[in-house]
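Note sheet for the following structure.
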Amino acid sequence: MLRHLLLGAVAAFGFYILTSAISSFNDFRVGEIAVYAIALAGLSLLTGTNGQISLGQGAFMAVGAYTLGVLMTHTHLPLVVDVLAAIGLSGALGLVVGMPATRLKGPYLAGMTLILALGLPRIADKYSTFFGGDQGLTVNSPTPPGTIDPQRWLSWIEIVGAIVVLILLANLTRSRFGRSFRAVRDDEIAAGLSGIHVARTKVLAFTVAASCAGLAGAFLGLSVGVVNTGEFSLTLSIYLLAGMVLGGAGSLVGAWWGAIVLVFMPGWSTSIANSFNLGSAVGANLALVVFGLVLIVVIMAAPMGIQGGIGWLGRRALSLVGGGVPAPGAPTPRQEGNEPVGSIPSIPPPAAPAAPARNIREQS
Amino acid sequence: MSLFINLTLNGITNGMIFAAVALGLVFIWRATHIVNFSQGSMAMFTTYIAVTLLDRHINYWLVFAAALVAGLVMGGVIEVVLIRPLRGKHALNPVIVTLGLFILLEGLAGSIFGVGNRSFPPAFSQAGLTFGHSTIAFSHFDLFILAAVVILMLGTLVLFRATNMGLRMRAAAFAPEVARLLGVRVGRILTLGWALAAVAGSLAGLLVAPTVSFSPNFMDLILVYAFTAAVVGGLDSPVGALVGGLVTGLSLSYVGGYLGSSLEPLGALAILMVVLSARPEGIFSRPAPRRV
Amino acid sequence: MLDVEDLSVSYGAVQALQGVTFQAREGTVTAVLGANGAGKTTLLRTVSGLVKRQSGNVSYGGVELTGLSVENIVRLGISHVPEGRGVIEELTIDENLRLGTLWQFGRQERRSVLDEIYELFPQLAQRKRRMASTLSGGERQMLAIGRALSSKPKLLLLDEPSLGLAPLVTAQIMALIQELARETRLTVVLVEQNVRSALSIAEEAVVINLGRVVIADTAASVAADTELRHLYLGF
Ligand SMILES: Nc1ncnc2c1ncn2[C@@H]1O[C@H](COP(=O)(O)OP(=O)(O)OP(=O)(O)O)[C@@H](O)[C@H]1O
Ligand SMILES: [Mg+2]
């Protein structure tokens, strides 16, 4: 707990220096990274730690954003209340949708969240007078105290929010609940036999993930200044999945790597398409292709993601410095043998050749 | 009253299409216990191949067959290249890969064929049939849809029930290890399952395309409705896919007709929630024998 | 002849077999005995290719089995009745039997092979079209053995055929195994907990304890070794 708080304080100070040194537009970028890190951390907990998959993280972001937008448009509550309502409502929706799906073993949560991702934006379109229609709802960003640049103030809020969320999630994964999350991921039947309430554990993880998305959505609304359905397509949900997998499923630090890629990739892919004269059709679709490939390649070739790779490099470096003695927990050469039953499940496979899974999963 | 009749007819036609895609999901679920979220995109892609061939003035039915063959090859190749290496890993891994494939194929289709909407000529007239003075929402093309899906379903039934290959497929689905001990080349059977699933999907794509102005994501909603249909039918039963398809098609047609088409996805969500809460194994699957 | 040489197998950290060596001669029954968790099932599964070896060799009739796929090992004439029988409940009895014949026989031959099996197990013949899930334990065992025989194997691997069967049925099945080995030159490797009946029909016996061979000798001398019996076989 103390360690997480300390880490959080250091990170906050780092961001403070960073945002002081950069332009307002880059403040916006840094804020966006924090926003995506929140959504990804929730998803990472759900998928990497608990072994469930959601294609609706973007849809829950939409719920958060629209809650904020609607409350701002139709009421005059303090911003904190709006944001808390965004978290609460998306969490509640997560609970309602998750309950029937997570009671069962299988692909139901994925399918239901996919429907949500496709279906929710249509609701906003249908009731356009309430939800603002094509223009969307206007959202006012909070007024900063003194002479602080509003953009910088907002990104500070978002960064602090992200750090608080990550500290909370880090403590959650270390708690009794975290152990249940992992036990359910590794073997539902065994977890059930050892007294864990499997369905309740899954619903809890899903609700936490949805709440994170709600907060991220509300923050994103504040950053952009409007809330409209175009931003919360199915594509967003799948991009979030790609960012999570790329950063390292189950790793809270990995959420930051994923967030950085999510924020910068669309710009990169457009400029790549332009510099190779690939034409506008390719330019518009390159991000889809890239994220599609990310999902496939990472899972097939490097399931521990960026953060797992960094951990592996770190241990390699340590072991080289230490005169070639393998660091504790460094991979032993895999002998020819058979996987023990019950240890196969996990997104980063426990027997991942590069790094022992414990080190990957327990990073925070 | 006539609205109700038309919605019913429309629901049946749509339901048959959902059933075809759902059948593909069932094939893959039985073979590899994965829900293939790229099933819709794969169908979209073969439909684009078909429309590109039609642009070259190649015979319509030849193109039709070519699209089905393209699906067959695509499904098989995907299983071998992307799914097989993940065997034995946590079930989430292949699911994430199919999601990657989902957007990869849409991105590729957009890059290669352009994002603009295209139209696909129907094989038969799409004008509603007339009886006396009234026209119903059912055309020759709808009849073709029904016939095509019924043939697909009968073909599946014959394959599973009356052929040795079907026996191998069932054995591989129920007890892969025992099947291998009996000499069944289970790996090939799984590839075949994916290939046949993609054929069913391709067929659905060809049947849907003329009814919409299509773009790379035109199969997205159909995929989720087919998923709903497959779950309603129990995920592993071909007959269940048909029944689930009709139930879903009819329900969503009524939802769309009476409440507004933008509520259809939520209708599907509601169906799923009700079915999963009340009868998790689907309304059409026989209770699975308990295995220890 | 089945030749297992210095075979080791592990499941992660669990060393299930260590340096196992023995032979099973053509036309004989070789009993593999040992306590629960000794590694008997693992041994059979390694022979039929379901489990990868760590080191050592398995060959049959001079053909190296290690590295071959399960499906190809079956095609050398090796049939494995797995622990718990492996009857596919979702298929009918006839379908279960037919499955074993698909890889080698044409339509005509298949019919005659199945007729032979039905002749051997008349109980099965009466209910060809019933689902296998409706069979009793003994009938399932007959189906499993019949199915293994339907591919006309040269080597039969049986994993605890007597499990859960009444003594009378066990005796019938043992008699059948002995007869098959004598009359059709079938090589049988018989894993059993039911030590007495196994030793009564076997020529050779291998006793395994904690993954190692304790003794591999004639069944008669294993049965005669009182100390061995007390230590490892519990009678
Ligand atoms: N899939 C597996 N994963 C991990 N360990 C296994 C696996 N299968 C077997 N083992 C272990 O290997 C050892 C040998 O098991 P095996 O099933 O071969 O024993 P056995 O002699 O057949 O026992 P029994 O008489 O109870 O059937 C045991 O310690 C068992 O726990
Ligand atoms: Mg055993």
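Considering only residues of the range C:48-88 that are of a type in the set (Asp, Glu) and away from ligand 1 (no atom under 14 Å from the Cβ), which is nearest to B:GLY183 (Cα to Cα)? The residue in question is C:GLU71.
Every test in (1) surrounded by fewer than 21 Cβ atoms within 10 Å (Cβ to Cβ); (2) within 16 Å of ligand 1 (Cβ to nearest atom); (3) assigned to a strand (DSSP E or B) is passed by C:TYR232 save one, and that test is (3).
Determine, yes or no, whether C:SER221 is open to solvent by 30 Å² or more (accessible area, probe 1.4 Å), more than 16 Å from ligand 2 (Cβ to nearest atom) and assigned to a helix (DSSP H, G or I). In short, yes. The number of residues in the range C:4-45 that are more than 9 Å from ligand 1 (Cβ to nearest atom), within 13 Å of another protein chain (Cβ to nearest Cβ) and buried (at least 24 other Cβ atoms within 10 Å of the Cβ) comes to 1. With respect to the conditions (1) open to solvent by 50 Å² or more (accessible area, probe 1.4 Å); (2) within 16 Å of ligand 2 (Cβ to nearest atom), C:LEU68 falls short on a single one, namely (2).
Can you confirm whether C:VAL14 is out of contact with any helix residue (DSSP H, G or I) (no Cβ under 8 Å at 6 or more places or on another chain) and within 16 Å of ligand 2 (Cβ to nearest atom)? In short, yes. Taking the condition closer than 30 Å to C:SER133 by Cα, surrounded by fewer than 24 Cβ atoms within 10 Å (Cβ to Cβ), within 11 Å of chain A (Cβ to nearest Cβ) and hydrophobic (A, V, I, L, M, F, W, C), does B:VAL275 pass? Considered against the rule, which asks whether it is closer than 30 Å to C:SER133 by Cα, surrounded by fewer than 24 Cβ atoms within 10 Å (Cβ to Cβ), within 11 Å of chain A (Cβ to nearest Cβ) and hydrophobic (A, V, I, L, M, F, W, C), B:VAL275 comes out as yes.
All told, B:LEU235 meets the bar of being open to solvent by less than 10 Å² (accessible area, probe 1.4 Å) and at the interface with another protein chain (Cβ under 8 Å from one of its Cβ atoms). Residues that are closer than 24 Å to B:LEU62 by Cβ and more than 14 Å from chain A (Cβ to nearest Cβ) were ranked within the range B:105-127; the one that is least open to solvent (accessible area, probe 1.4 Å) is B:PHE120. Of all residues in the range C:31-61, those satisfying the criterion of being of a type in the set (S, T, N, Q) and within 16 Å of ligand 2 (Cβ to nearest atom) are C:ASN36, C:THR41, C:THR42, C:THR46, C:SER48. Within the range C:187-201, if we keep just the residues that are open to solvent by less than 10 Å² (accessible area, probe 1.4 Å) and within 12 Å of ligand 1 (Cβ to nearest atom), the residue that is nearest to C:ALA223 (Cα to Cα) turns out to be C:GLU192. Scanning the range B:54-76 for residues that are out of contact with any helix residue (DSSP H, G or I) (no Cβ under 9 Å at 6 or more places or on another chain) and part of a helix (DSSP H, G or I), which turns out most open to solvent (accessible area, probe 1.4 Å)? Here the residue is B:TRP61.
Exactly one residue among C:SER162, C:SER151, C:SER133 is within 13 Å of another protein chain (Cβ to nearest Cβ), assigned to a loop (DSSP other than H, G, I, E, B) and either more than 21 Å from C:SER197 (Cα to Cα) or within 16 Å of ligand 2 (Cβ to nearest atom) (or both), and that residue is C:SER151.
With respect to the stated conditions, B:ILE112 is at pLDDT 90 or above and either among the β-branched types (Val, Ile, Thr) or part of a helix (DSSP H, G or I) (or both). Annotation: B:GLY183 fulfils all but one of (1) away from chain C (no Cβ under 14 Å); (2) part of a loop (DSSP other than H, G, I, E, B); the unmet one is (1).
Cβ-Cβ distances below 6 Å connect the following pairs, each with a first residue in the range C:8-19 that is within 15 Å of C:VAL32 (Cβ to Cβ), a second residue that is of a type in the set (S, T, N, Q) and within 14 Å of ligand 2 (Cβ to nearest atom), and a separation of six or more residues or different chains: C:VAL9/C:THR42; C:VAL9/C:THR46; C:ALA16/C:THR42; C:LEU17/C:THR42. Is there a residue in the range A:85-105 that is open to solvent by 40 Å² or more (accessible area, probe 1.4 Å), among the hydroxyl-bearing types (Ser, Thr, Tyr) and assigned to a helix (DSSP H, G or I)? Looking for residues that are open to solvent by 40 Å² or more (accessible area, probe 1.4 Å), among the hydroxyl-bearing types (Ser, Thr, Tyr) and assigned to a helix (DSSP H, G or I), one finds none in the range A:85-105, hence no. Does B:LEU272 satisfy being modelled with pLDDT under 90 and either closer than 17 Å to A:GLY119 by Cα or assigned to a helix (DSSP H, G or I) (or both)? No; evaluated as a whole, the condition is false for this residue. Before we move on, is A:ASN277 open to solvent by 30 Å² or more (accessible area, probe 1.4 Å), over 10 Å from the mean Cα position of the chain (by Cα), at pLDDT below 95 and away from every other protein chain (no Cβ under 14 Å)? No; evaluated as a whole, the condition is false for this residue.
For the range A:287-313, a residue qualifies if it is of a type in the set (A, V, I, L, M) and facing another protein chain (nearest Cβ under 9 Å), and the qualifying residues are A:ALA287, A:LEU288, A:VAL289, A:VAL290, A:LEU293, A:VAL294, A:LEU295, A:ILE296, A:VAL297, A:VAL298, A:ILE299, A:MET300. Exactly one residue out of C:VAL195, C:VAL188 is touching a residue at least 40 places away in the same chain (Cβ under 8 Å), within 16 Å of ligand 2 (Cβ to nearest atom) and either away from chain B (no Cβ under 14 Å) or aromatic (Phe, Trp, Tyr) (or both): that is C:VAL195.
For (1) open to solvent by less than 70 Å² (accessible area, probe 1.4 Å); (2) under 17 Å from the mean Cα position of the chain (by Cα); (3) more than 16 Å from ligand 1 (Cβ to nearest atom); (4) modelled with pLDDT of 90 or more, each residue gets a yes or a no:
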position	(1), (2), (3), (4)
C:VAL113	yes, no, yes, yes
C:GLU116	no, no, yes, yes
C:PHE121	yes, no, yes, yes
C:GLY138	yes, yes, yes, no
C:ARG147	yes, yes, yes, yes
C:PRO153	yes, yes, yes, yes
C:GLU160	yes, yes, no, yes
C:ALA166	yes, no, yes, no
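The condition (being within 30 Å of A:MET99 (Cβ to Cβ), open to solvent by 10 Å² or more (accessible area, probe 1.4 Å) and at pLDDT below 85) is satisfied by just one residue among A:ASP149, A:ASP134, A:ASP125: A:ASP125. Scanning the range B:128-151 for residues that are hydrophobic (A, V, I, L, M, F, W, C) and open to solvent by 60 Å² or more (accessible area, probe 1.4 Å) turns up B:PHE131, B:LEU143, B:VAL150, B:ILE151. Scoring B:GLY205 on the criteria (1) open to solvent by less than 50 Å² (accessible area, probe 1.4 Å); (2) more than 14 Å from chain A (Cβ to nearest Cβ); (3) within 30 Å of A:ALA199 (Cβ to Cβ); (4) touching a residue at least 12 places away in the same chain (Cβ under 8 Å) leaves a single failure, condition (3).
The values are calculated or read from the model by the stated rules, or taken from the named source; none is laboratory data. Everything numeric here is computed off the predicted structure, so don't read it as measured data. Here Cβ is always computed from backbone atoms with ideal geometry, including for glycine, and neighbour counts include all displayed protein chains. When the accessible area is computed, the model is the full protein with side chains, heavy atoms only, and any ligands, DNA or RNA have been set aside. Shrake-Rupley method; radii C 1.70, N 1.55, O 1.52, S 1.80 Å.
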